[in-house]
Amino acid sequence: MAASTPLAVLIDADNAQPSVIEGLLAEIAKYGAATVKRIYGDWTQPQLKGWKDVLLTHAIQPIQQFRYTTGKNATDSALIIDAMDLLYSGRLGGFCIVSSDSDFTRLAARIREAGLVVYGFGEKKTPAPFVSACDKFIYTEILRASKEDVDETEAPRSGAELKRDRRLMALLRNAVDASSDDSGWANLGAVGSTIAKQAPEFDSRNYGYRKLSDLVDASGLFEIEKRKLADGLAVATWLRLKRGRHGGREAASR
């Protein structure tokens, strides 16, 4: 998605932390321009006061929603109504929904049905249905920048640890297989796109690696080549499953 693509950033203040905001907006800038930035909550509640300075600094519009009935989340309803109004305006290329609440699952699905992309942002406790309803889902633990959150960042996992993660290994192998040419080589960009379609929550940073190429290299499963593109300047990364001792591909169970 082009960097100029207009995006709506809608934040559920009840299910997000102020400490993620700088990392969140930096991440969103990779996918488009945050032309709409709104955050929803009952701002009369003391637990939301930590957001005040953050909103002023980053020009995020707070939307007040009183809790009319105990046990009912009016904030969710306000966010969903605004999202649908923005969807019908036809001015946007996608949405960023910031919440760990599964109540937004149907909203994400509806936006995608209209042909727009949905990026979800939430904590690792986010229910699977909401994660799966998004085109891509980023866990906010990897976006936090405050000192108290340093311990929550992932240290790089060793090759042995990565290989013990059967789901990860299957995901990498299947993506390379689906993206490869007749000789078994696959372009890393195509591999990343295939993974995103299969697992919206996948992010190499969840395993302690800044880039997918670093994670793939650490896994020890693949041969890696750097190839110059036609212009002779840019370089593309290609990979294929390592061959075993007898010339065949390594068994998938390894």
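Among 133, 239, 11, which residue has its Cα positioned farthest towards the positive end of the charge dipole of the chain, with +1 placed on the Cβ of Lys and Arg, -1 on the Cβ of Asp and Glu, and the dipole taken about the Cα centre?
Comparing the listed Cα positions along the dipole, 239 ranks first.
For segment 159-241, build the convex hull from the C-alpha positions and give me its volume per residue in Å³.
So the per-residue hull volume is 92 Å³.
Ranked by Cβ crowding within 10 angstrom, fewest neighbours first, how are 27, 225, 113, 22 ordered?
Arranged by neighbour count, lowest to highest, 27, 225, 113, 22 become 113, 225, 22, 27.
So for the chain: antiparallel DSSP bridges make up what percent, rounded to the nearest 5?
30 percent
Based on Cβ point charges of +1 for Lys and Arg and -1 for Asp and Glu, what charge dipole magnitude is obtained for segment 6-151 about its Cα centre, in debye rounded to the nearest 20?
The dipole of segment 6-151 has a size of about 240 debye.
Below 8 Å between Cα atoms, with a sequence gap of 6+, how large is the relative contact order for the chain in percent?
Relative contact order here is 15 percent.
Residue by residue through segment 110-127, which ³J(HN,Hα) values in whole Hz follow from phi under the Karplus form 6.51 cos²θ - 1.76 cosθ + 1.60 (θ = phi - 60°), with glycine and proline marked x?
Working through the residues one at a time gives 5, 5, 5, 4, 7, x, 9, 8, 10, 9, x, 9, x, 6, 5, 7, 4, x Hz.
How far is helix 166-179 tilted, in degrees, relative to the longest principal axis of the Cα atoms in the chain, given as a value from 0 to 90 rounded to the nearest 10?
Long axis of 166-179 versus the principal axis of the chain: about 70 degrees.
Treating the angle as unsigned and between 0 and 90°, give the value, to the nearest 10°, between the Cα long axis of helix 74-89 and the longest Cα principal axis of the chain.
70 degrees
At R0 = 25 Å, how high is the FRET efficiency between residue 223 and residue 164 if r is their beta carbon distance? Nearest 0.05 is fine.
The pair residue 223/residue 164 has a calculated efficiency of 0.70.
Note down the nm distance, to one decimal, between modelled labels 7 Å out along Cα→Cβ at residue 91 and at residue 214.
Result: 3.8 nm between the two label points.
Nearest 20 debye, what's the magnitude of the dipole of the chain about its Cα centre given +1 on Lys and Arg Cβ and -1 on Asp and Glu Cβ?
Around 720 debye, computed over the chain.
For segment 6-151, what does the alpha-carbon gyration tensor say about shape, rounded, prolate or oblate, given a ≥ b ≥ c as the root eigenvalues, a/c under 1.5 as rounded, and a/b over b/c as prolate?
rounded
Quick check: the angle from helix 188-198's long axis to the longest principal axis of the chain, C-alpha only, nearest 10 degrees?
50 degrees
Quick note: the coordinates plus some simple rules give every number you see, no bench work behind them. All of these numbers come straight from a predicted model, not from anything done at the bench. For neighbour counting, all protein chains shown are included, and Cβ atoms are generated from backbone atoms with ideal geometry for every residue, glycine included.
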